[in-house]
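Only one structure is covered here, and it is reproduced in the block below.
Readers should treat all values here as calculations from the given coordinates under stated rules, not as data from a laboratory. Note that this is a predicted model, so its numbers are computed, not measured. Counting neighbours? That spans all protein chains shown, and the Cβs are built from the backbone with ideal geometry, glycine included.
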Amino acid sequence: MIHFNNVTKTYPGAVKPSVDNLTMSVPEGETCVVIGPSGCGKTTTMKMVNRLIEPTAGEIYVTGRNVLKQDPVELRRNIGYVIQQIGLFPHFTIRNNIAVVPKMIGWKKSRIDRRVDELLEIVGLEPARFRDSYPRQLSGGQRQRVGVARALATDPPVMLMDEPFGAIDPITRDRLQNEFLRLQKQMKKTIMFVTHDIDEAIKMGTLVCILQVGGKLQQLDTPVNILSSPANSFVADFVGSDRGLKKLTLVQVGEVMKTNFPVGRHDETSSEILRRMRESDLDSLFIVDEIGKLTGYVTLKAIQKQPQKNISQILQGIIATIEAEATMKDAFSQMLSYGVRYLPVLDKRSKLVGMVTSDDAQRLVEQTNKVPISA
Amino acid sequence: MADFLQDLIDFFIAFKDGILYYLPGTGQPERVLEFLWGHLLIILVTMLLAISISVPLGILITRVRSLYDPIIKFAAMLYTVPSLAMFGILIPFVGIGFTPAVIALTLYSLLAIIRNTAVGINGVDPAIIESAKGMGMKNSQILLQVELPLALPVVLAGIRIAIVSTISLATLASYFGADSLGNLIFEGISAGGTRNDKIAAGAIGATFLAIIFDYLISRIERSLPGIAHK
């Protein structure tokens, strides 16, 4: 969808190129996050796609057409563009800000009005309340939502995003990122996304492109591969020594949890429970009720101490649980903060659907250790 | 001290007489109106010319950077020519009366409007220009829909300065045969202190015009969309 073919950019007066003979592709529907230290040419790379910066040599193709052979104005109208400073027009209402491109390409007023309201809904702003406001009346987060809505106005297949969430407070940023991920799942745009934040890159990207100073491509791969097998010591250094922990954010609890393990029912007798524990060599067992809801757990010790009591009397309460949709990083941090070695995984109706152990988390971290350690 | 008090009393008497000059019976309202109209005409024609020359020049020097210094310096040089000398220089070419007055006052207005237009455009947030460009707006669209509207408060501030100085300088134009409130002032001066009411009447008229124009421009400024109302 976006293809760079031996692209070089040397700024006038500069000795070394900012982007050096870059060849890479972003397939359709992928979100490619371009990242690297400052001066690596990531913004230059992105701005060459819509010709805000002209390459010195090489070709760039968007949807199969060479951008250098297109009228830049026409080209840009077909590429959504979101920047960190947002760049809303302060003298335009929110409606007119979103309507800039539709107006230029001659949409009718009624079509524009419908589209503006639809887009405001999509980005989570109430149309009636925000349509006629001016940008200065909105918070930073709301303005960035309008920035995204504006870029989506004519539903372009390709979007360029230059640190779109960079100037927003961490809590709002996290929410906007999650909303954008959900949105992207439905939209399936081809996105080139520039950031300097490796955590954002791993979270937002389906592909991560790591550039070294001078625009030299180091690795273009999925976040998992970037973390578990960095191509060289530069990449390993760049993603950080905690890349194992970072990898936990890529894995959902549901993907690694055990679903096939012995459980006890609250109406079983102590001797039955005891026998099951011994069979599987366990020192504790989750107890569920007749519809599968988790009610607590019993330990081997408690049963051995008071063998005559029934299960409900020696049942102990659960202190920490997790959902299948949570990341393994959440699960691991739960285990650490509650000092437990395993977590029951519950669905929305508190039914026990699986369990994860700290060993699972550790195994994921260890998988990333077969990588070159830089000097 | 007594002298000062006497001067102060004389000033207020002249001010009162100046106002009386506007009223039928005690003064000559028809003359005042004629001069007020002459003054207004000079201002309007001057501003029309000054704006239509200066705004394009102001835009030009933001596009062609190498022209910025020469044009601003030339306008500044014109601004420093003493007004009597300026009228004097023009008389051999365009004679006396309305025309040299308008030309001289236009030349004086150039600096404030050219400079403020350029400063206003250069002051537009580069991120706004970048997003306009990134959305595929043409240069002319960016100029007309984004840069000029956003520069307008600064341009208006320049026009405001130019109008006030034009109003006061237009009184001098009477000395060279143009009809303005200056006629009253010069008549008063040549009467050697016996007709201070005329001097006051001319000054009051000019001040009145300055206040009116200032008010009108502030109304325009406040009606601009999306800008915080102060």
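Averaged over A:82-92, how many beta carbons belonging to a partner chain fall within 10 Å of each residue's beta carbon?
Values: counts 2, 4, 1, 6, 3, 12, 5, 10, 10, 10, 5.
Mean shielding by partner chains, rounded to a whole number: 6.
Write down, largest first, the equivalent ellipsoid semi-axes of region A:203-330 in whole Å, where each equals the square root of 5 times an eigenvalue of the alpha-carbon gyration tensor. Spell out each step's value before the answer.
Values: eigenvalues 455, 37, 24 Å².
Semi-axes (√(5λ), whole Å): 48, 14, 11.
Helical runs assigned H by DSSP (4 residues or longer) give the protein assembly as shown a calculated mean residue ellipticity at 222 nm of -16000 deg cm²/dmol, each run adding -39500 (n - 2.57) before division by the residue total.
For A:LYS246, list the lysines whose Cα falls under 18 Å from its own Cα; do not include residues on the same chain fewer than 8 positions away. Straight-line reach from A:LYS246, under 18 Å: A:LYS203, A:LYS329, A:LYS370. Per-residue Karplus couplings for region A:32-48, computed as 6.51 cos²θ - 1.76 cosθ + 1.60 with θ equal to phi - 60°, are listed in order as 9, 8, 9, 9, x, x, 5, x, 7, x, 5, 6, 4, 4, 5, 6, 6 Hz, Gly and Pro entered as x. Evaluated at q = 0.10 Å⁻¹, a Debye calculation over the C-alpha positions of the protein assembly as shown (equal weights, vacuum) places log10 I(q)/I(0) at -0.99. Across the options A:GLY87, A:LEU68, A:VAL19, the greatest Cα extent toward the positive end of the charge dipole of region A:4-112 (unit charges at beta carbon of Lys, Arg, Asp, Glu) belongs to A:GLY87. The coefficient of translational diffusion for region A:2-239, derived via Stokes-Einstein from the alpha carbon Kirkwood radius under 4 °C and 1.567 mPa s, stands at 70 µm²/s. Remark: region A:4-20, residue by residue, has Karplus-estimated 3J(HN,Hα) of 9, 10, 6, 7, 10, 10, 10, 6, x, x, 8, 7, 9, x, 7, 10, 10 Hz, where x stands for each Gly or Pro and the curve is 6.51 cos²θ - 1.76 cosθ + 1.60 at θ = phi - 60°. Dimensions of region B:1-96 based on its C-alpha atoms, expressed as ranges along the principal axes with the largest first, amount to 59, 39, 29 Å.
Debye calculation, C-alpha points only, no solvent: report log10 I(q)/I(0) for region B:95-142 at q = 0.21, 0.23 Å⁻¹, in the same order as the q values. Per q value, in the given order, log10 I(q)/I(0) is -0.76, -0.83. Straight-line reach from A:LYS305: taking Cα to Cα under 27 Å and skipping same-chain neighbours fewer than 8 places apart, the lysines in range are A:LYS293.
Counting other Cβ atoms within 10 Å as a rough exposure proxy, the listed residues A:LEU285, A:LEU315 run A:LEU315, A:LEU285 from fewest neighbours to most. Legend: P(r) of region B:160-225 from all alpha carbon pair distances, 10 Å bins from 0, whole percents, reading 22, 41, 24, 10, 3, 0. Rounded to the nearest 10 degrees, the angle from helix A:109-122 to the longest Cα principal axis of chain A is 30 degrees. Near the amide H of A:VAL34, within less than 5 Å, lie the amide hydrogens of A:PHE193, A:VAL194, A:THR195, A:CYS209, all on another chain or at least 5 residues away, with H placed in the peptide plane. For chain B, the Kirkwood hydrodynamic radius from C-alpha pairs, put into Stokes-Einstein at 20 °C and a viscosity of 1.002 mPa s, yields a diffusion coefficient of 108 µm² per second. Looking only at region B:102-116, which residues have a backbone nitrogen under 16 Å from a spot 7 Å from the Cα of B:VAL81 in the C-beta direction? Label zone hits: B:102-112.
Just want the ordering: B:SER131, A:SER241, from fewest to most Cβ atoms lying within 10 Å of their own Cβ. Please report the intermediate quantities before stating the final value.
Working: B:SER131 25, A:SER241 10.
Listed from fewest to most nearby Cβ atoms, that is A:SER241, B:SER131.
The modelled label-to-label distance between A:ARG341 and A:LYS69, using points 7 Å beyond Cα along the C-beta direction, is 6.6 nm. The C-alpha atoms of chain B define a longest principal axis, and helix B:2-20 lies at about 80 degrees to it. A DSSP coil position with no more than 10 other Cβ atoms inside 10 Å describes the following trypsin sites (Lys or Arg not before Pro) in region A:94-131: A:LYS108.
Which of the trypsin sites (Lys or Arg not before Pro) found in region A:276-329 are in a DSSP loop and have at most 14 neighbouring Cβ atoms, other than their own, within 10 Å? Don't skip to the answer; put the middle values down first.
Working: sites: A:ARG276, A:ARG278, A:LYS293, A:LYS301, A:LYS305, A:LYS309, A:LYS329; in loops: A:LYS309.
Of the trypsin sites (Lys or Arg not before Pro), the ones in loops of region A:276-329 whose Cβ has at most 14 other Cβ atoms within 10 Å are A:LYS309.
Of all beta bridges that DSSP places with both ends in the protein assembly as shown, some 55 percent have antiparallel geometry. Listed by chain and number, the aspartates and glutamates whose alpha-carbon sits under 15 Å from that of A:LYS188, ignoring those within fewer than 8 places in the same chain, are A:GLU28, A:GLU30, A:ASP155, A:GLU179.
Between 0 and 90 degrees, the angle of helix A:358-367 with respect to the longest Cα principal axis of chain A falls at about 40 degrees.
Backbone geometry of region B:120-130 corresponds, through the Karplus equation with coefficients 6.51, -1.76 and 1.60 at θ = phi - 60°, to 3J(HN,Hα) couplings of x, 5, 5, x, 5, 3, x, 5, 5, 5, 5 Hz, x marking Gly and Pro.
Figure the gain on full extension for B:PHE208 and B:ASP3 (residue separation times 0.36 nm, minus the Cα-Cα span) and round it to one decimal in nm.
Values: separation 205, 0.36 × 205 = 73.80 nm, distance 2.97 nm.
Extending this stretch completely gives an extra 70.8 nm.
Checking the cross-link pairs A:LYS69/B:LYS138; A:LYS47/B:LYS138; A:LYS47/A:LYS69; A:LYS47/A:LYS109; A:LYS47/A:LYS185 against a 21 Å limit on the alpha carbon distance flags A:LYS47/A:LYS109; A:LYS47/A:LYS185 as lying beyond it. When the P(r) of region A:1-113 is calculated, the portion above 17 Å amounts to 62% of the C-alpha pairs.
For region A:140-172, the residues whose backbone nitrogen is under 15 Å from a point 7 Å from the Cα of A:ASN178, taken along Cα to Cβ, are A:170-172. Going by neighbour counts of Cβ atoms within 10 Å, the residues A:ILE35, A:ILE60 line up, fewest first, as A:ILE60, A:ILE35.
Look at the stretch A:146-152: the mean tally of other chain Cβ atoms within 10 Å of its residues' Cβ atoms is 1. GNM on chain B, alpha-carbon springs under 10 angstrom: the most fluctuating residue among B:LYS16, B:LYS198, B:LYS133 is B:LYS133. Amide H to amide H distances under 5 Å link A:THR23 with A:ASN6, A:VAL7, where only residues 5 or more positions off or on other chains count and H is placed in the peptide plane.
Taking amide H positions as modeled 1.01 Å from N, with prolines and chain starts lacking one, the residues under 5 Å from A:THR295 and 5 or more places away or on another chain are A:ILE287, A:VAL288, A:ASP289.
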